[in-house]
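The values are calculated or read from the model by the stated rules, or taken from the named source; none is laboratory data. Keep in mind that this is a model prediction, so the values were computed, not measured. Cβ atoms come from the backbone with ideal geometry, glycine included; neighbour counts cover every protein chain shown. Calculation scope for accessible area: heavy atoms of the full protein, side chains included, ligands and nucleic acids excluded. Shrake-Rupley method; radii C 1.70, N 1.55, O 1.52, S 1.80 Å.
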There are 2 protein chains.
Amino acid sequence: MTDLPARIEILEEGPREGFQSEPPGIAVADKIRLIDALADTGLRHVTCASFVNPKVLPQMADAEEIGARLAMREGVEYGALWLSASGFRRAQATPFALRPVVSGSASDTFLLRNNNRTPEAGLHDQREMRALYDAAGLGPGPLYVFTAFGCNFEGDVPVDKVRTTVRNLMEMLAESGQRPTDICLCDTIGAGNPALVRRVVGAVREDWPDVPVALHLHDTRGLGLANAVAGLELGVTRFDSSIGGLGGCPFAGNRAAAGNIATEDLVFLCHEMGIDTGVDLDRAIAAARLAEEIVGHPVPGKVMKAGSLARFRAGATEVTA
Amino acid sequence: MTDLPARIEILEEGPREGFQSEPPGIAVADKIRLIDALADTGLRHVTCASFVNPKVLPQMADAEEIGARLAMREGVEYGALWLSASGFRRAQATPFALRPVVSGSASDTFLLRNNNRTPEAGLHDQREMRALYDAAGLGPGPLYVFTAFGCNFEGDVPVDKVRTTVRNLMEMLAESGQRPTDICLCDTIGAGNPALVRRVVGAVREDWPDVPVALHLHDTRGLGLANAVAGLELGVTRFDSSIGGLGGCPFAGNRAAAGNIATEDLVFLCHEMGIDTGVDLDRAIAAARLAEEIVGHPVPGKVMKAGSLARFRAGATEVTA
């Protein structure tokens, strides 16, 4: 219990990873409405768009337009994703915050199937991306490891593969004297469980005791929040999540893949356990309902349906009087 | 990690608590199909029906018929629920296993609203029920505590109220020289979180170190399995759950109340963490899909949609070759 952090940071992925897994056609105005609602919750990091090939992901073809039309509020980092030099150059021409991510996959097969890269080619790409970031005067960013808890192609992913993936990227960063802001371990296909989270996070912690660990969790098999608790108990202080549980990875080879853990459910969990998030839960619930309205089908979030416990607590005196 | 049990027992509540929260009209033949499928999974305890007032719960009016038509298999306890002497007498006239439950509510307001009883009247009822069990030659059964983690009427429920509720029932049982088979703490409205589960389970453990603790969890706010993990880590070895996550408590004053934790998700969690359940996960997934087909609307279970990890593990060599 005493290991729980006092506060966590949440990186909101709904407008990016969430909308990216919906069919094309969501209006820019709706995306902006949701991003505004998210910025209004107290979330300080919102990923808004992807600068990727619009032929592959037509859902994200409006990235520039979103950047141009957003009225960005002070204190909120409006971020975007890219996977290549051309994507990064597109992002540079927009008002989005530039978050210099480097990444790798613990599963070689996933990297091959998802990005058509061998581990060596993938690392080479990342070195080139980092050189672009350096040239653009960007400081360190996070280090992402995909499929850190399992893979649809390889099944289980050995912990040593995660360690190797992290080490290769850490050594690459060290070449320019850098350390990442954190190491974010991704349960890309929702294969993790609390015992595995402890093993993998523990191993990375052991290798890199001075680098914070973050978690990017999917709730594909219902263990998303249980895995988050395992992370919290190991002192993980940054999580990626999606409002309403929107989304999922369209490339993970699993059409039933559920989205990230729901932001408002994570906020509820943290607040109930005495962990600050900086997020207003009621506003997050309202944003989740807006997200559901925009996509036009039920989303997985739970607290957005049941409500928080605030009204029971507020009504207690009245009802029992 | 080392505190995790090697094996747990699961009490399946889908045909009872699950179907009870659906609109009336599910055919007896469908109920029996599901119960048969559940018995086929390796589950050893299935609650099949409620002997309650059919005017209040027409969904359960077929309790006798289910009992008469079930072909009960060896090694499976086919149970039923009742709340009163008349319900118990109805159950006695059927082939159902008689599970002599005594129960109380940690929230006085819940007991008043749900059962129209003061705590004193409730305890009196339980003493009378226990006398009936004694007269029928039944040994000890479990002790259930409702609203042990919160209440829609009172909001938070102090841990001391749980302790008092347990103590009163323990003392009542001790009058006839009995101890319960376990103390089952119910998160009736899905208000619990892992820290609270630890506090409440820990307090009951401290008071009654020799009596096993069980958990009856609802996934109303997405924390059901996270709460189960907290229980497992404290050595809880019996859980109630519903196939597919069917159900919910229709009396909890919360129309959005989600059902119990999904049996197959709990089984998946346990197997992934090396805990035996005696349940075949693939068969449990098939039973969850049958449950969804019978109720005719999506149910909350996750693994039934995404599938287990078995096929990824089995396919690993082939795909990566």
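What the table shows:
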| item | result |
| --- | --- |
| Inter-residue pairs, beta-carbon under 6 Å, first within 12 Å of chain A (Cβ to nearest Cβ) and in the range B:293-307, second open to solvent by 70 Å² or more (accessible area, probe 1.4 Å), 6+ apart | B:MET304/B:ARG289 |
| So A:ARG198, is it assigned to a helix (DSSP H, G or I), under 27 Å from A:GLU128 (Cα atoms) and either in contact with a helix residue (DSSP H, G or I) (Cβ under 9 Å, 6 or more places away or on another chain) or more than 14 Å from every other protein chain (Cβ to nearest Cβ) (or both) | no |
| Sole residue being in contact (Cβ under 8 Å) with a residue 24 or more places away in the chain and within 14 Å of another protein chain (Cβ to nearest Cβ), chosen from B:PHE110, B:PHE96 | B:PHE110 |
| Some residue of the range A:89-100 being within 24 Å of A:VAL279 (Cβ to Cβ), among the β-branched types (Val, Ile, Thr) and at pLDDT 95 or above | no |
| Scope the range B:22-74; condition more than 26 Å from B:ASP280 (Cβ to Cβ) and either outside any loop (DSSP other than H, G, I, E, B) or in contact with a Cys (Cβ under 7 Å, 6 or more places away or on another chain) (or both); matching residues | B:SER50, B:PHE51, B:PRO58, B:GLN59, B:MET60, B:ALA63, B:GLU64, B:GLU65, B:ALA68 |
| Residue count, the range B:7-21 (criterion: of a type in the set (Gly, Ala, Ser), open to solvent by 20 Å² or more (accessible area, probe 1.4 Å) and either in a helix (DSSP H, G or I) or out of contact with any Cys (no Cβ under 8 Å at 6 or more places or on another chain) (or both)) | 0 |
| Residue count, the range B:1-33 (criterion: at pLDDT below 95 and among the β-branched types (Val, Ile, Thr)) | 1 |
| Which numbered condition A:THR165 fails, given (1) buried (at least 24 other Cβ atoms within 10 Å of the Cβ); (2) farther than 24 Å from A:GLY274 by Cβ; (3) within 14 Å of chain B (Cβ to nearest Cβ) | (3) |
| Qualifying residue in the range B:54-64 (condition: more than 27 Å from B:VAL145 (Cα to Cα) and of a type in the set (S, T, N, Q)) | no |
| Any hit, the range A:214-231, residues being outside any helix (DSSP H, G or I), hydrophobic (A, V, I, L, M, F, W, C), crowded, with 23+ Cβ neighbours inside 10 Å and within 12 Å of chain B (Cβ to nearest Cβ) | yes |
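Yes or no, residue by residue, for (1) under 26 Å from B:VAL28 (Cβ atoms); (2) open to solvent by 60 Å² or more (accessible area, probe 1.4 Å):
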position	(1), (2)
B:MET72	yes, yes
B:VAL76	yes, no
B:ALA97	yes, no
B:THR109	no, no
B:HIS124	no, yes
B:GLY141	no, no
B:THR147	no, no
B:GLY155	no, no
B:ASP160	no, yes
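Residues checked against (1) at pLDDT 95 or above; (2) closer than 18 Å to B:ALA226 by Cβ; (3) surrounded by fewer than 24 Cβ atoms within 10 Å (Cβ to Cβ):
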position	(1), (2), (3)
A:PRO250	no, no, yes
A:ALA257	no, no, yes
A:THR263	yes, yes, no
A:VAL267	yes, yes, no
A:ASP276	yes, no, yes
A:LEU281	yes, yes, yes
A:ALA310	no, no, yes
A:ARG313	no, no, yes
